[in-house]
Structures are given as C-alpha cells and as structure tokens.
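Notes for the one structure printed next.
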Amino acid sequence: MCGTCGCADPANEVSMTNPETGVKTLLKNGVDHGHGHKHDHDHDDHHHEGDDVPHMHGPGGEIISLEAAVLGKNDKIAAQNRGWFQGRGVIALNIVSSPGAGKTTLLESTIRQMKDEVEITVVEGDQMTANDAERIQQAGARALQINTGAGCHLEADMIAAAARSLDPQPGSIMMIENVGNLVCPAMFDLGEKMKIAVISTTEGEDKPIKYPHMFRAVEWVVINKMDLAPHVDFDEETCRKNILQVNPGAKILCLSARTGEGMDEWCAALGALQA
Amino acid sequence: MHELGLARSIAGIAQENAKGRPLKEVRVAIGPLACVERGALEFCWGLVTESTGIAGVGLRFLDADGDTFVVRELEFMEEA
Ligand SMILES: Nc1nc2c(ncn2[C@@H]2O[C@H](COP(=O)(O)OP(=O)(O)OP(=O)(O)O)[C@@H](O)[C@H]2O)c(=O)[nH]1
Ligand SMILES: [Mg+2]
C-alpha cells in the first residue's frame, strides 16, 4: 500500500504552474479527485433506463452485472488525450522512475541536443515545487509544472489540462515526467504513446524484478548514470537480464545524461518515433 | 497503493448504479496484474463507506485474469 499517496484525501490540492509567467492554476481544489466521484458531470456511464442492465435473481436479492472499470473515468480521459495527440501528430511519452534516477537531467540533455531538430515540450509532475519545470525552461523548452500535492502519480485529466495549455506543435514531442515512483504511475494511463522507465546504475540491478508491474507497462528502459557504473559495481548484463525477464520485448538504452555517453542513440530512437 | 482512492471509486460506481436501491454486496473482479492489494482495499472500503448510504454493504473479490479491475456485479437486498 502506498503510504504517501493522498489521492483520496479530500483536502489535497493539485495545481499547474507555468514557470515562464509564474501563473498558477488550481486543477483540483481537493473535493473531486477524479476517481469516479458521483457528482461529476462529464461521464456517460449513468444508466437512465434500468431495463438494459442484465440481471438475475439469486437466493438473496437481485444481482446485476456491471463490468465497470474501476479506473474507467481516468481511462476514458486518457483515450481522449490519445486521440488529441494523434490528431495533432504529437508524440507523448510518459517517463517514469524512482526519485532521482535522472529523468529531469535526461530531459535537459535531450532538449539541448535536439533543440534544432524538433520541438520538445515538457509536463513535469512532482508533489511540490516548480524546480524541475524551471530546469527544463533553462534548457530551452516550454514546460509546465503540475504539483500533485499528496498524490503520488499524474492522472489523465491533469495531462488534458496541461496539453491544452502548452499547445504543442504538430510533429513535436511532449515529454511527461511522472512523479518519481515505480508503483502507482503504472496503473494510470495518461494517453501517452508509451511509457519509458529510467533506472540508474546506483539503484542496483534488481529494480525491474522488484517492481515488475511498472517494468511490464513500459516499452523502453533507459539505464542512466552509466558514468557511475564502475564505481558502484553495476553489472549491466544482470540488469538487462532482469529487465527482459519481466518484459521480453523491452528496448534497452544505456546512457549517461551527465557525460553524454549513449545520448546519440537515445536521440536517434526518439527521432525515429516521428517517422 | 492508494487503495483509498480505489475504494472511493468503487463506492461511486456502486452508488451510481444502485440508484438508491438497498445493496447487499459489491463484487469486484481483480486480476493478478492489477496491482491491487486486497487486504488494503477491504480495509479502505470500510472507511470510505462508513456513514454513507452504502455503509455495511459487503465487498467481495472475484479472481480474474491479467490486469482486470472491474466492478463485476452488484447484489441487492431481498425485496420485502
Ligand atoms: N553521475 C551522474 N549523475 C546523474 C546523471 N543523471 C542525473 N544525475 C544526477 O542525479 C541527481 C538526480 O537527477 P534528476 O534529473 O533530478 O532526477 P529525477 O529523476 O528527475 O528526480 P525526481 O524528479 O526528483 O524524481 C542529480 O544530482 C543529477 O545531477 C548521470 O548520468 N550521471
Ligand atoms: Mg525530476
């Protein structure tokens, strides 16, 4: 159980900050968390006639069959986001990792390297502070910061608001840096083209088998901080084997966002997504 | 993880679909890859439904495949 997650805390606020203007917008005042609260107006799963619901009578009372996805509301908004991105020819990537694996550093280096080739916009998700969005902006890309408060993951409605506000150009890449957490973000589809996990050599080779749900949900795995590998006795072969054990189809990229080693291959792979 | 939010979502779905009729039990199908901890969800269900219109309604888990995570059935009280 996620001890830090306040996603059901009615007092939790979610905000969006533009680091350029400093303008902060409240996305959630804490009353509605978006997990299918019954006072929402934009879902269509009300059954207005009771007659279309399959039902039967057991030894007790009547039983009706629902098959209603518990995360259905998030999934529906994610599907709308996916259509929005596809319609505009924007590639959205959901970057996940444990805290400090180097997501922001990787994005900074990627922006510096690809600036002249393709527009990259960034949505930063953190519980608090606009630090990461400011770093991205200094690297030369447009960014928005979402603060999830006590919440430990981004949800599709936050991305819907951020994408409309950033208004990315056709042919651009939108990087979504999720909250540093290898558990909850696996469950929440944001409408991205794919999830990419970043792990770093200092975390040990067994992260993929400790958090298999997340590593199964991603298409690519970046192994970052390769410059530190010799200092921390990182065993690349074991790490690759562990990744492929939980996700045999994963594409693995080894790099150092700090020294630039491996960055060419990563940027080429990103460039190829647009083809 | 965040089973409290999930419990709230299940309660919302149950109440919406029950349309005020008294419920006996909510049956949720959970696959092994759904990333949901049953014990935690059960605990949270009690907290979330307490002092609402569905207080005391049971929550039952049904085994399912893959990452299934759906409210499968609602059972109502026997009509008097
Ligand atoms: N040596 C080395 N350090 C790195 C590398 N990439 C990132 N770091 C350092 O790792 C620390 C964390 O990096 P961030 O980019 O902030 O990590 P993050 O994943 O964005 O962290 P959160 O957003 O807090 O989850 C910083 O001190 C970086 O300078 C790398 O390739 N090599
Ligand atoms: Mg960061």
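Numbers for the structure displayed
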read-out: Residue selected from the stretch A:169-185 under the condition open to solvent by less than 20 Å² (accessible area, probe 1.4 Å) and either touching a Phe, Trp or Tyr at 6+ places or on another chain (Cβ under 8 Å) or more than 27 Å from A:LEU255 (Cα to Cα) (or both), by the criterion farthest from ligand 2 (Cβ to nearest atom); value: A:MET174
read-out: Unmet requirement for B:ILE10, which otherwise passes all of (1) facing chain A (nearest Cβ under 8 Å); (2) more than 18 Å from A:ALA68 (Cβ to Cβ); (3) of a type outside the set (S, T, N, Q); (4) part of a helix (DSSP H, G or I); value: (2)
read-out: Unique match (being of a type in the set (Asp, Glu) and within 14 Å of ligand 1 (Cβ to nearest atom)) among A:GLU237, A:GLU203; value: A:GLU203
read-out: Filter result for the condition that a residue is touching a Ser or Thr at 6+ places or on another chain (Cβ under 7 Å) and either at the interface with chain A (Cβ under 9 Å from one of its Cβ atoms) or among the acidic types (Asp, Glu) (or both), over B:GLU42, B:GLU73; value: B:GLU73
read-out: Condition met for A:GLU205 (in contact (Cβ under 8 Å) with a residue 12 or more places away in the chain and surrounded by fewer than 22 Cβ atoms within 10 Å (Cβ to Cβ)); value: yes
read-out: Selection within the stretch B:16-52 - surrounded by fewer than 17 Cβ atoms within 10 Å (Cβ to Cβ) and of a type in the set (Phe, Trp, Tyr); value: B:PHE43
read-out: Close pairs (6 angstrom Cβ cut-off, 6 or more residues apart or separate chains): closer than 20 Å to A:THR110 by Cβ and touching a residue at least 12 places away in the same chain (Cβ under 8 Å) in the stretch A:219-239, among the β-branched types (Val, Ile, Thr) and open to solvent by less than 50 Å² (accessible area, probe 1.4 Å) anywhere; value: A:TRP220/A:ILE196; A:VAL221/A:ILE243; A:VAL221/A:ILE252; A:VAL222/A:VAL198; A:ILE223/A:ILE199; A:ASN224/A:VAL198; A:LYS225/A:THR201; A:LEU228/A:THR201
read-out: The stretch B:13-22, subset at the interface with chain A (Cβ under 9 Å from one of its Cβ atoms) and outside any helix (DSSP H, G or I), residue nearest to A:PRO185 (Cα to Cα); value: B:LYS19
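The values are calculated or read from the model by the stated rules, or taken from the named source; none is laboratory data. Note that this is a predicted model, so its numbers are computed, not measured. Heads up, the Cβs are rebuilt from the backbone with ideal geometry, glycines too, and the neighbour counts pull from every protein chain shown. Keep in mind that these areas ignore ligands, DNA and RNA; they rest on the heavy atoms of the full protein, side chains included. Shrake-Rupley method; radii C 1.70, N 1.55, O 1.52, S 1.80 Å.
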